[in-house]
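The values are calculated or read from the model by the stated rules, or taken from the named source; none is laboratory data. As the structure is a computational prediction, the values presented were derived from the model and not from experiment. In this analysis, Cβ positions are derived from the backbone assuming ideal geometry, glycine residues included, and neighbour counts consider all displayed protein chains.
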Amino acid sequence: MNRRTESSNKIEASEATTAGRHALVLGGSLAGLLAARVLCDHFDRVTVVERDPFPATASPRRGVPQANHVHALMPRGRLILEQLFPGLQKEMMAAGAPLVGMGKDVAWLTPQGWGVRFRSNLEVLSFTRPLLDLHVRRRLITDCRVHVMENTEIIRLLPGRQNGKVAGAVVRTGGENSDRVVEMQLRADLVVDATGRASRAPRWLEELGYPAPEETIINAHLGYASRLYRIPEGFSADWKCIFVQAAPPERKRGAILFTVEGDRWLVTMIGGGRDYPPTDNDAFLEFARSLPSPIIYDAIRQAEPLSPIKGHRGTENRLRHFERAGRQPENFIAIGDSVCAFNPVYGQGMTIAAMGANALHECLCEEKGVLENFARRFQKRLTKVTAAPWMLATSEDYRYRETEGGSASVATRIMHHYMDHVVKLSTFDASVRQVLLEVFGMLVQPSALFRPNIVLRVLGHTLGFVRPPKSVAKKTSSGMLVYHSAAND
């Protein structure tokens, strides 16, 4: 029985009036948790409001529907999280998350062939998303300045007594099955929206008389289907992770296999242009077998499934242009997927959340805690953080004929042609692949791919002067030709 009907609800109003500078974070997403950690250094108190109850273990929750699928924390994100929570990486590794070398341990089938394998200084942790969320939450709540309100619905923003400000938010505690539902006013000096893709911030702002931000949506209609497997006893391979990349417009299917905590594989099938992967067992395996390499199919066909197959299709790139808004509350900001949500296939979301938290810290330090016109300054800074990843994600999605919301310009097509040559070089040239991985890991800007030495290599490859060194080519167990770096192997 739903106890939140009008006849059975008992609504009690109260108001939070505790003294001291207070920051309110709406949403317990990773972006929200990281923002809360940063705000602890600048405010006396920080309150995190989350609609769901947080699980006590590393389990998915309703508010993170993509948590069942493969997640990548890029090197830049890993560095920021370690700065915010020193020792977090060791905790994750102690919980079973493997440390993976991006150059050596990832078998990556690009549209141009298998990426060259080599030892590099680029490392990532491989884990399930709920494991990371659990450890970040545990570290955050040890701070006495942080108060977490679970099972609490966000109703609306509170108008401020001064024009151009909000006073906080109205929330409702108790949950759907509670006998006692309490509506509260949480007053705060700064309000942060971290409620994600489905953020109601545009509506909240319109209710207070502010314009909703403009939106840009680029949708390549990608879908996911994921399942956990137990790694077969005695299994041995020269990889820890596999990425079979799609090659649109002709080849719209791909897949990712990550070795994660608990001696398990997390496998995500990917289909673009509405070629959605199935969620029943036989069709899931058949989808794996249809990929251009049998490497993932051969790994999982005899492995024991540990979970149902979960599907997900909310993958459009969505950008809310808060930085363009004319009038806006100066003490209300949005962060993470509430502002810029990417097609998850590019693995940018968690790292952008970390970079956004870092930008928030820098902005607060520069302003020395002064919040006058803060929202405009922060949203413009966040736009600089998301600009390059947005360009990379959307330009790649334009390769699908079915993409809606935009199309490839002449400049984008030229860029596609150039990048095809870069990716081909990365199948046998370790120096080119190193830079490509640094860009992918968000350690350097995409402009690094236009350094003179790479441009010259691309030109040479275009003219046929640069070719793969066949002497270092090796056959994998799946029969694919892979170029290993002789200098770094």
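Of note:
- Of all residues in region 339-350, none are surrounded by fewer than 19 Cβ atoms within 10 Å (Cβ to Cβ), in contact with a strand residue (DSSP E or B) (Cβ under 9 Å, 6 or more places away or on another chain) and in a loop (DSSP other than H, G, I, E, B).
- Residue match in region 9-21 (condition: at pLDDT 90 or above and either buried (at least 18 other Cβ atoms within 10 Å of the Cβ) or in contact with an Asp or Glu (Cβ under 8 Å, 6 or more places away or on another chain) (or both)): yes
- Counting only strands (runs of 3 or more DSSP E) wholly contained in region 125-231, the ones carrying 3 or more residues that are at pLDDT 95 or above, of a type outside the set (Val, Ile, Thr) and more than 30 Å from Glu323 (Cα to Cα) occupy 223-230.
- Qualifying residue in region 241-251 (condition: in the same structural domain as Trp108 (by TED's automatic domain parsing), without any contact (Cβ under 8 Å) to a residue 24 or more places away in the chain and acidic (Asp, Glu)): yes
- Any chance Val423 is touching a residue at least 60 places away in the same chain (Cβ under 8 Å) and either among the small types (Gly, Ala, Ser) or not in a loop (DSSP other than H, G, I, E, B) (or both): yes
- With respect to the stated conditions, Asp337 fails to be not small (Gly, Ala, Ser) and not assigned by TED's automatic domain parsing to the domain that holds Pro211.
- Within region 65-76, not a single residue is of a type in the set (D, E, K, R), touching a residue at least 24 places away in the same chain (Cβ under 8 Å), in the same structural domain as Ala167 (by TED's automatic domain parsing) and surrounded by fewer than 24 Cβ atoms within 10 Å (Cβ to Cβ).
- Among residues of region 366-399, those that are part of a loop (DSSP other than H, G, I, E, B) and of a type outside the set (A, V, I, L, M), counted: 6
To keep it simple, each residue is scored yes or no on (1) under 21 Å from the mean Cα position of the chain (by Cα); (2) under 29 Å from Lys252 (Cβ atoms); (3) assigned to a loop (DSSP other than H, G, I, E, B); (4) not β-branched (Val, Ile, Thr).
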residue	(1), (2), (3), (4)
His42	no, no, yes, yes
Val48	yes, no, no, no
Arg61	yes, no, yes, yes
Arg78	yes, no, no, yes
Leu81	yes, no, no, yes
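- The residues listed here are Ala255, Ala247, Ala283; of these, the one that is under 19 Å from Gly347 (Cβ atoms), surrounded by fewer than 22 Cβ atoms within 10 Å (Cβ to Cβ) and among the aliphatic types (A, V, I, L, M) is Ala247.
- Here Thr110 meets each of (1) surrounded by 20 or more Cβ atoms within 10 Å (Cβ to Cβ); (2) in the same structural domain as Thr279 (by TED's automatic domain parsing) with one exception, condition (1).
- Pick from region 216-244, criterion surrounded by fewer than 23 Cβ atoms within 10 Å (Cβ to Cβ) and polar (S, T, N, Q), ranking: nearest to the chain's Cα centre (by Cα): Asn219
- Residue count for region 80-137, restricted to those that are within 22 Å of Thr57 (Cα to Cα), touching a residue at least 60 places away in the same chain (Cβ under 8 Å) and among the basic types (Lys, Arg): 2.
- Hits in region 19-40 - residues which are closer than 27 Å to Leu79 by Cβ and assigned to a loop (DSSP other than H, G, I, E, B): Gly27, Gly28, Ser29, Cys40
- Every residue from region 123-144 that is under 12 Å from Val48 (Cβ atoms) and buried (at least 17 other Cβ atoms within 10 Å of the Cβ): Val136, Arg137, Leu140
- Odd one out for Ile154 among (1) outside the structural domain of Pro60 (by TED's automatic domain parsing); (2) in contact with a helix residue (DSSP H, G or I) (Cβ under 9 Å, 6 or more places away or on another chain): (1)
- When region 300-347 is filtered for residues that are hydroxyl-bearing (Ser, Thr, Tyr) and within 14 Å of the chain's Cα centre (by Cα), the ones remaining, listed by number, are Thr315, Ser338, Tyr346.
Results for (1) touching a Cys at 6+ places or on another chain (Cβ under 9 Å); (2) assigned by TED's automatic domain parsing to the domain that holds Pro75; (3) modelled with pLDDT of 95 or more; (4) aliphatic (A, V, I, L, M), shown as yes or no for each residue.
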| site | (1), (2), (3), (4) |
| --- | --- |
| Leu382 | yes, no, yes, yes |
| Gln434 | no, no, yes, no |
| Ile454 | no, no, yes, yes |
| Val466 | no, no, no, yes |
| Gly479 | no, no, no, no |
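- Just one of the listed residues (Glu396, Glu323, Glu330) is crowded, with 16+ Cβ neighbours inside 10 Å and under 20 Å from Lys252 (Cβ atoms), and it is Glu396.
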